[in-house]
Amino acid sequence: MALTRRLLIDLSSRRRLFNAGKFSTTHKKKPVLHEAVSLAGFLSCSRALVSWMVAERKMQPSPAAPPAAEHRRRALLRYVVFLAVSLLAFSCWALVSSRIDGAVLAATAGGEHDDHDGIIVRSSTQAEMPASGGNATSRGAVEVGVGTPAAMITRQPSSGETTTTAASAATCDAESALLRVYLYDLPPEFHFGMLGWDGKAAGAAWPDVAGDPRAVPRYPGGLNLQHSVEYWLTLDILSSTTSGDHRRRRPCTAVRVTNASLADVFLVPFFASLSYNRQSKSPHGGHGSGGRSDRQLQGELVRYLARREEWRRWGGADHLVVPHHPNSMMDARRRLSAAMFVLSDFGRYPPDVANLRKDVIAPYKHVVPSLGDGDSPGFEQRPVLAYFQGAIHRKNGGRVRQRLYQLIKDEKDVHFTYGSVRQNGIRRATKGMASSKFCLNIAGDTPSSNRLFDAIVSHCVPVIISDDIELPFEDVLDYSDFCVFVRASDAVKRGFLLHLLRGISQEEWTAMWRRLKEVAHHFEYQYPSQPGDAVQMIWGAVARKMHLVKLQLHKRGRYQRTLSES
């Protein structure tokens, strides 16, 4: 009983001492004071135990010396009692200490406190709000994956916490978008007029894209469709400021601004690929061109831009032009070469006109239907080892097709034949790619072809035999995860290609096949656009290029004031 009373007295005094220290010291001294009081309490308990044992020993009578066995028994009993009382004292000390810790946390909840590393930690009960001015956060970083601004990616909120993520997703404006785009109001004959849309009859500069997407002018199918990149980009930027469900689903990557001084990039809405396909062979132009040929439209475009103050300011370096077809804008490309081009490859461009430093490589629009994730045959359901169907006799870099054809055409598990879009060519290619493990993408007249992207959406592992090919979004996608690369010089060695493909195990192939299914949506053009599709990936690539462009332009303008005054 005496020991219990001493422990309670000691713990009560310790608590009073801690409370006094809590209200008389700063937050930085609390952990030190807490540890000191805890240690003092434990030492006090220990001293009380020792004092009790000494007192008990003195109060016992001094009998004759007990036998040795009795002496050992008493010593063992005292040792056991000492351990039991020590454990009891330590338990009391730990209980009181934990309650004091709880009181400390309760006293500091709802505000700021120092953690053990001296870092300020903000209470989770306070809602996190974005910094004023969206540029400080979202515009300072470039999102490389799916085109979502970094400001929209936040930590998981705690219970009862409010965030602004939902509001940011529903509101896409110049402050929250990754890229601010100014769209030139060119006459319809440069864009949708080629698709039969009459701007005068509609009484508007642009088609109404806010209503039913089915009412939007349609792009012609067939092989025309594979170079329709400018069509999808223009539709997307027009819809960025309209209302409707599609805008709420659309990622806030690029948004249209009507004030040129706010723009990061200036989009030139000339459907160059469609103009080449429809109007380059007619001296009087095609449908919707106002009687002008492709060459005349290019000349007018150059003169129009040369008169614009926005072009003259930086010589067109912050402008975006989309001549995706390798033969489009042959007359104007050198005069507009300061702009950023969106291309399929650099096969027909000299390095001083187009290069990877300033330009963006965009995927072709695939012409075979996309396979759904659950509809994609696996390894055992694809009996064909390697598949190729297309033009075999090519010139320049495409001669490797002829040599490969002679080497592997007679192999039983290889499909290597001539084919085109005529006579159900697209249907046959759809079925053939879906039943093949590997699809050959061999250089032709140009380093790239639509065949690569048909293979990707068919989940047929591409085998790329094209030494000079440039691939879309390769700064954020590792193509070696889902493609096989073979040098042209190795591919034409007898037995090399088939030995390589047959040596890829089922497990290795399945890993690439699964990765293909994960990345296939990055190569889909659609309206309305969706997170991570080809449209949003292109805008993300443009934004990444614009950082380097802006760096060069700002450095160029360092001494502009000095030169103007001298």
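Couple of notes before you dig in:
- From Glu474, Glu411, residue being modelled with pLDDT of 95 or more and surrounded by fewer than 23 Cβ atoms within 10 Å (Cβ to Cβ): Glu474
- The set of residues in the range 297-333 that are of a type in the set (Gly, Ala, Ser) and touching a His at 6+ places or on another chain (Cβ under 8 Å) contains only Ser328.
- Comparison of Leu225, Leu262 shows that the only residue that is open to solvent by 20 Å² or more (accessible area, probe 1.4 Å) and touching a strand residue (DSSP E or B) at 6+ places or on another chain (Cβ under 6 Å) is Leu262.
- Residue count for the range 204-256 satisfying the condition of being within 19 Å of Tyr182 (Cα to Cα) and either hydrophobic (A, V, I, L, M, F, W, C) or under 25 Å from the mean Cα position of the chain (by Cα) (or both): 27.
- Selected residue [closer than 20 Å to Tyr527 by Cα and open to solvent by 50 Å² or more (accessible area, probe 1.4 Å)] from Arg214, Arg180: Arg214
- Residue within the range 440-451 that is farther than 26 Å from Pro326 by Cα, small (Gly, Ala, Ser) and open to solvent by less than 10 Å² (accessible area, probe 1.4 Å) present: no
- Qualifying residue in the range 484-499 (condition: among the aromatic types (Phe, Trp, Tyr), surrounded by 18 or more Cβ atoms within 10 Å (Cβ to Cβ) and not assigned by the TED database to the domain that holds Leu356): no
The values are calculated or read from the model by the stated rules, or taken from the named source; none is laboratory data. Every value quoted in this text rests on a predicted model; they were computed, and no experiment measured them. With ideal geometry, Cβ positions are generated from the backbone for all residues, glycine too; neighbour counts draw on all protein chains shown. Each accessible area value is taken on the protein alone, full model and side chains, heavy atoms only, with ligands, DNA and RNA left out. Shrake-Rupley method; radii C 1.70, N 1.55, O 1.52, S 1.80 Å.
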